[in-house]
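Have a look at the structure below before the remarks.
The values are calculated or read from the model by the stated rules, or taken from the named source; none is laboratory data. In this text, all values refer to a predicted model and were calculated from it rather than measured experimentally. No Cβ is skipped: glycine too gets one built from the backbone with ideal geometry, and neighbour counts run over all protein chains shown.
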């Protein structure tokens, strides 16, 4: 699978807001979006042109795709599944993305970023319902139990992420014990519990053209 190997902070600058791709750095004054709040590249500080409706929709899709660390084909598949599920397509899409194992690990505070969470899963440091899982895209269901395997609980990165998460707080739809590094994906998040800056209806409109 193709991966983005360039500086992740460029993605935040391109979208004009923090996407929280670099863990603790995103919460500090070292975040480049604070020092250089303009798009990267030689024309980043140039005169802004009016953006079309299509451009606004495209930028929103790109932003959400980058937040969750997905490639274009992966993201399109999630939208297609969300469109087939009864209910509001935009909310279905966000709930599917939030149900990915790597995202749940990040939301539990076991990793400082989704990229780090994906690596932790790949390295077989996570168990789902008592069984080791190493596929980041596994869909976690309400009621599933997620925990760090015993051999990885003393890893410094995991302990540091858990400590930082304890200060920031854990997502409301997850029951988490940061001492034992065990948690339960209690329920799918409601829309008001998710990032209010995401305008998922624009993504629906883009793919519905």
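Which ones in segment 145-158 are surrounded by 15 or more Cβ atoms within 10 Å (Cβ to Cβ) and part of a helix (DSSP H, G or I)?
152, 157, 158
When you check residue 121 against the structure, is it surrounded by 20 or more Cβ atoms within 10 Å (Cβ to Cβ) and in contact with a strand residue (DSSP E or B) (Cβ under 7 Å, 6 or more places away or on another chain), yes or no?
Yes.
Yes/no matrix, rows are residues, columns are (1) in the same structural domain as residue 65 (by TED's automatic domain parsing); (2) not in a loop (DSSP other than H, G, I, E, B):
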site	(1), (2)
127	no, yes
137	no, no
143	no, no
160	no, yes
164	no, yes
172	no, no
176	no, yes
179	no, no
201	yes, yes
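Residues that are surrounded by 17 or more Cβ atoms within 10 Å (Cβ to Cβ), closer than 19 Å to residue 118 by Cβ and in contact (Cβ under 8 Å) with a residue 12 or more places away in the chain: does segment 185-204 have at least one?
Yes: segment 185-204 contains one or more residues that are surrounded by 17 or more Cβ atoms within 10 Å (Cβ to Cβ), closer than 19 Å to residue 118 by Cβ and in contact (Cβ under 8 Å) with a residue 12 or more places away in the chain.
Mind checking whether some residue in segment 149-169 is within 17 Å of the chain's Cα centre (by Cα) and within 25 Å of residue 92 (Cβ to Cβ)?
Looking for residues that are within 17 Å of the chain's Cα centre (by Cα) and within 25 Å of residue 92 (Cβ to Cβ), one finds none in segment 149-169, hence no.
Please find, among 94, 76, the residue that is crowded, with 22+ Cβ neighbours inside 10 Å and not in a loop (DSSP other than H, G, I, E, B). Before the answer, list the steps.
Details: 76 fails: crowded, with 22+ Cβ neighbours inside 10 Å.
The unique qualifying residue is 94.
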